[in-house]
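The values are calculated or read from the model by the stated rules, or taken from the named source; none is laboratory data. Quick caveat, the model's predicted, so the values are computed rather than measured. Cβ atoms come from the backbone with ideal geometry, glycine included; neighbour counts cover every protein chain shown. Please note that ligands, DNA and RNA were not included when accessible areas were found on the heavy atoms of the full protein model with its side chains. Shrake-Rupley method; radii C 1.70, N 1.55, O 1.52, S 1.80 Å.
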Amino acid sequence: MDAFLIAFLLGLGYFTLKGRSERARIALLGSHLRRYQIEKLMEQLNHGYLRALGEPEAERRAPMWAALGEAEAQLAQQLSDFAADMSRLPPEQTRLCRFSLPMIERWLPQSTLDLRAVLRVHADAMQAAVANHGQRSAKVRAHTLLAELMLFQHTCHWFCKSRTVASIRLLARHRTAYEQVLDAIAPATRHAYLALVKGSPRAA
C-alpha cells in the first residue's frame, strides 16, 4: 500500500467521522432551537436596530427604539428558557470543542468547554442588556445588543462546526471579526465568556 493510498484512506476516515459528528450536533441543537422563535426575533431586532441607527432625525428614531422593546423582552426570555432547556442535557452531549478534531469530545473531554455554561452567559448578557441598568443611550445599547447576539450566533455555529468556521461565517454575514465582537460586548459578558473559553478572564 503506497503512501498516497494511506493518506487518502486516513483523509476519508477523518472527514467521515467529522461529518457524522457535525450532523449529530446540528440535529441536537436544532431540535431544541426549533421550540423557540429566537432566530426570528434576532432577525427582527437586527433589522430594527440598523434602521434606527441609520435614521438621522431624533424624532423619528424614538418610536423606532420603543417599538423594539417587546421583541427585546421576548428574546431575552426565550434565550433564558433555551439555556435552561439545554442545561438539562447530559454533559457528554454539550461539549464544545476547542479543536476541530472528530470525536475529540470523547477522546479528550477535558479539552472541551461546556456549551450549557456558555449559553448561560449569553442568556444573562441579553437580560442585562435589555434591563439597561447602566442607563446607556439607545445607540450604545443597540450596538452592545447586536454584538451580544452575534456572539451567541457564533457559539451556535462553533458547536455545530468549529470555532474557525463560526468566525468565518460571522465575518461573511455581518462583516465583523470575532475579535471586534468581543470588544463590543458588555465588559461583564466578555469577562465571563473568556473565563470559560480561555480559562482566564481578559481585562475589560
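Total residues in region 69-97 satisfying the condition of being at pLDDT below 90 and buried (at least 18 other Cβ atoms within 10 Å of the Cβ): the figure is 4. Residue check: HIS157 meets all listed conditions (1) closer than 23 Å to THR112 by Cα; (2) open to solvent by 30 Å² or more (accessible area, probe 1.4 Å); (3) touching a Leu at 6+ places or on another chain (Cβ under 9 Å); (4) in contact (Cβ under 8 Å) with a residue 60 or more places away in the chain but one, namely (4).
ARG190 passes every criterion in (1) open to solvent by less than 50 Å² (accessible area, probe 1.4 Å); (2) of a type in the set (D, E, K, R); (3) modelled with pLDDT under 90; (4) within 15 Å of the chain's Cα centre (by Cα) apart from (3). Taking every residue in region 161-178 that is outside any helix (DSSP H, G or I) and pairing it with any residue that is of a type in the set (Val, Ile, Thr), at least 6 positions away or on another chain, the pairs with Cβ-Cβ distances below 9 Å are LYS161/ILE26.
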